[in-house]
Amino acid sequence: PTRRSSGSKQWYQRRVRGGTSLLAGSCVYSILGFREHSTGAKIDNVSAGTGLTFIAITEAVSSMTGTPFFAFVFFFMLFNLGVSSQFGTLAGLVTPLYNDLRVFGKARKEICVAVISLAFLLIGLLFTPGNGEYMLQLFNNYPVTMPLLIVSIVEAFGCGWVFGIDNFDLAIQDMTGAPCPKFFKICIKFVSPAIMIILLIWLMVNSIMEVETYEAFVNCSPDIAMRSNSTAEFTETKPLPTWARVMGGLMVTLCVLPVAVVGITRRMSIKEFMQCLRNERGGEYVIGEAPKNATRLSVVNPEDVKVNYVAQREDVQSV
């Protein structure tokens, strides 16, 4: 496809996704408002997480005409969402383990995918017992927020400072035909890393100074749950046990550890790190494939490039 058709497709996709989000939000909060009006249950108790999926939406579906059909459609949609998410997760994990690190040696890629899927299945069994909701809260509070911030900071630094924002601009221009707007270059190099570092510091200080809490289920009697006018609270906020906080800290460490290990194995020295901060590292983005003897931190000369992808793309378009 040409760049113009690709741009129009992206324009259409953005507006469809935005409209879908507005429609979904309107439906969800309409259901929550109706539920609070009819039963007295506060929106705060079921406005996110599993409570939204398995309490509020399920109750709304059960009150519709044609309940079996809509219930099947809703949970089939959840199943498809989970499967589609796993495709991306597995691809992002299998590719470096199989192609770069060669963890599975010369074994077939299907075996690698099967082993990792089995490991995910065994980990998922932690969330199936009666206390699985508490394990889900623990995994949702610790390994999700702080590790993602750290990885995002490293990615922003690598893109804006190590690779270089000028090289990033050339790469965007090569792929899209238009330069990256100056506003986005400023955000990638300065604004986004600064905001994420501030958030990371705040999270670390807050996790040390304040005791984490979790929502414990109480008043789960079927008699209370079936009363249409019941205003009983189904959850109670309790402090997180010490062992759970230690386990959460270990999960955060395990998530961030690969970033440190790769940084050490790549052997980026302090001198090179300071050169990145001072924007003194040489090298310019070159369209094409680097020679095999070039390292990730070496400068690639244009004469050594094997394939000129721009010329190749123009030849294809001309045909």
Point to revise | Phi-based couplings in Hz for region 90-103 (Karplus 6.51, -1.76, 1.60; Gly and Pro marked x) | key: 5, 5, x, 8, 5, 4, x, 5, 8, 8, 8, 7, 6, 5
Check your understanding: If amide H atoms are built 1.01 Å from N in the plane of the peptide, which residues on other chains or at least 5 residues away come under 5 Å of the amide H of K42?
Key -> none
Point to revise | For L240, solvent-accessible area (1.4 Å; no DNA, RNA or ligand), Å² | key: 30 Å²
Revision key, fill the gap. SASA check, L97, accessible area w/ 1.4 Å probe, all protein chains in place, rounded to nearest 10 Å², comes out at 40 Å²
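Can you put R245, R35 in order of accessible area, largest first, using a 1.4 Å probe? Could the numbers behind the result be given before it?
Numbers: R245 75, R35 30 Å².
Largest accessible area first, the residues go R245, R35.
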**Study point:** Interchain or long-range residues, amide H under 5 Å from T235's placed H
**Key:** V218
Exercise for review: Using a 1.4 Å probe and counting only protein heavy atoms, arrange F76, F139, F54 so the residue with the most accessible area comes first.
Suggested key: F54, F76, F139
Check your understanding: Quick one: ranking T58, T242, T176 by accessible area, 1.4 Å probe, largest first, what do you get?
Key -> T242, T176, T58
Review point. Residue-wise, which Karplus ³J(HN,Hα) couplings in Hz belong to region 208-217, taking 6.51 cos²θ - 1.76 cosθ + 1.60, θ = phi - 60°, and x for glycine or proline?
Key: 7, 7, 10, 7, 5, 10, 9, 8, 8, 7
Exercise for review: Heads up, I need the accessible area for M196: 1.4 angstrom probe, whole protein in place, Å², nearest 10.
Suggested key: 40 Å²
Check your understanding: Using θ = phi - 60° and the Karplus curve 6.51 cos²θ - 1.76 cosθ + 1.60, what whole-Hz ³J(HN,Hα) does each residue of region 240-252 get, with Gly and Pro shown as x?
Key -> 6, x, 4, 5, 5, 5, 5, 5, x, x, 5, 5, 4
Practice item. Could you list which residues have their amide H under 5 Å from that of T213, counting only those 5 or more apart in sequence or on another chain, with H placed in the peptide plane? Key: L240
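The values are calculated or read from the model by the stated rules, or taken from the named source; none is laboratory data. Note that this is a predicted model, so its numbers are computed, not measured. Protein only, heavy atoms only, side chains kept; ligands, DNA and RNA dropped before computing areas. Shrake-Rupley method; radii C 1.70, N 1.55, O 1.52, S 1.80 Å.
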